[in-house]
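The values are calculated or read from the model by the stated rules, or taken from the named source; none is laboratory data. Since this is a predicted model, take the numbers as computed values, not measurements. With ideal geometry, Cβ positions are generated from the backbone for all residues, glycine too; neighbour counts draw on all protein chains shown. Ligands, DNA and RNA are excluded from the accessible area calculation, which covers all protein heavy atoms including side chains. Shrake-Rupley method; radii C 1.70, N 1.55, O 1.52, S 1.80 Å.
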There are 2 protein chains.
Amino acid sequence: MKPDESHTVYGGKLFDVTIERWSDHEREIVEHPGAVAIVAVDRGDRVTLVRQLREPARKELLELPAGTLEEGEEPLATARRELAEETGLTGGSWRELAAFWTTPGFCRERMHVFVADGVEPGEARLEADEDIELVRVAVADLRAHVRELEDAKTIAGLLLYLEDRARTG
Amino acid sequence: MKPDESHTVYGGKLFDVTIERWSDHEREIVEHPGAVAIVAVDRGDRVTLVRQLREPARKELLELPAGTLEEGEEPLATARRELAEETGLTGGSWRELAAFWTTPGFCRERMHVFVADGVEPGEARLEADEDIELVRVAVADLRAHVRELEDAKTIAGLLLYLEDRARTG
């Protein structure tokens, strides 16, 4: 399925906005290259989450480590890079857990969620404008924590991870 | 927490874009009034999902019934209205299950997820540009279906609902 025509009405720094004309209607769309999030499990069976200011929410949120795809980059490569930069965690055995649209009514962002099992600690390499606190949660305590979370990809990613673990043992 | 200054750089039909200046950085933000999604459970213990074209995904997606908040409208009122319009379902016992940010890095959309228990069938009242197929899934089969879903709010909402049900019996 494709639109008949599309044109850019806003060119931004993080995203553009386009208007797509479909056969009988138009749609205003936030163009986004897609993103990744990582359920990183260390050898102590703990998941590392990140707490940071999210300006749209005007407060700090606790989330899975995540990042935006760069031009031409494979999601797995982005995920390994972002995890290392934000948390210092490297290595481990990786697989894609799920991929979903974050807001399919008006935005092109597709989110790929990876599991990295057995990651090892290291030194984070944050960019100048990043201020991130690391929070480690035991997998056994995740279910109790999920209800306090306020970020969709983190809730979906962690609950899918727990489902997957319950099913595969 | 609040920005020092904010100004609109794009005024759209569905959303605006603003630039917020915080103490040491700027942030480009999709302004969105917020939204609702509904886990509607009928007396046959089935959840009603909706399948529709999502232009940003360029395909049809299966999702919870949902809608955007109107100016000054309470989320519960929006949820009851949208559920009736999209599915014809009315009545039932309502509660808020969760609220989360769909993409807190760049968009102000906060999603309220409601559970409506014991809803009753009726006639949907779709708008001219809406083309929606209703899909009913037994609660007992939901867990098996969740892995096929590709919409974040639907995955998060349904898994939180199953968690809630497992806990409260």
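Within a straight-line Cα-Cα reach of under 30 Å, A:LYS2 can be paired with the following lysines, leaving aside sequence neighbours fewer than 8 residues apart in one chain: A:LYS13, A:LYS153, B:LYS13, B:LYS59, B:LYS153. Each other copy holds its own label point for B:HIS7; taking that point as 7 Å from Cα along Cα to Cβ, the gaps run 2.6 nm, nearest first. One Cα centroid belongs to segment A:1-64, the other to segment B:8-77; the line between them spans 13 Å. In terms of its C-alpha gyration tensor, segment A:38-114 has an oblate overall shape, because the principal axis ratio a/c (a ≥ b ≥ c, square roots of the eigenvalues) is not below 1.5 and a/b does not outweigh b/c. Summing Lys and Arg as +1 and Asp and Glu as -1 over all other residues whose Cβ lies under 13 Å from the Cβ of A:ARG110 gives a net charge of 0. May I ask you to give the percent of accessible area on segment B:60-169 that is carbon plus sulfur, with a probe radius of 1.4 Å? The computed percentage sits at 46. For chain B, the longest principal axis of the alpha carbon atoms and the long axis of helix B:152-168 meet at an angle near 50°. Value of Rg to Rh for segment A:112-169, rounded to two decimals, is 1.00; Kirkwood radius and Rg both from alpha-carbon coordinates.
Looking at chain A, the accessible area is 45 square angstrom per residue; that uses a 1.4 Å probe and ignores ligands, DNA and RNA. Stokes-Einstein diffusion of the protein assembly as shown at 4 °C, 1.567 mPa s viscosity, Kirkwood radius from Cα pairs, rounded to a whole number: 63 µm²/s. Against chain B, whose longest principal axis is taken from its Cα atoms, helix B:75-87 shows a tilt of about 50°. Take the accessible area of chain A alone and of chain B alone, subtract that of the pair, and you get about 5200 Å² summed over both chains, using a 1.4 Å probe. In terms of its C-alpha gyration tensor, segment B:61-169 comes out rounded, because the ratio a/c of the largest to the smallest axis stays below 1.5.
Its DSSP H runs of at least 4 residues, each contributing -39,500 (n - 2.57), put the calculated 222 nm mean residue ellipticity of the protein assembly as shown at -7000 deg cm²/dmol, to the nearest 500.
Residues with beta-carbon under 12 Å from that of B:LEU83, excluding B:LEU83: net charge, scoring Lys, Arg +1 and Asp, Glu -1? Cβ neighbours under 12 Å give a net charge of -2. Burial here means at least 30 square angstrom less accessible surface with every protein chain in place than with the chain by itself, probed at 1.4 Å; in segment B:132-153 the buried residues are B:ARG143, B:ARG147, B:GLU150, B:ALA152. With each label modelled as a point 7 angstrom along the Cα→C-beta vector, the A:ASP45-B:ALA140 pair spans 3.2 nm. Electrostatic tally near B:VAL146: other residues with Cβ closer than 14 Å to its Cβ, Lys and Arg +1, Asp and Glu -1, net -3.
What is the distance in Å between the Cα centres of segment A:132-163 and segment B:153-169? Segment A:132-163 and segment B:153-169 have Cα centres separated by 14 Å.
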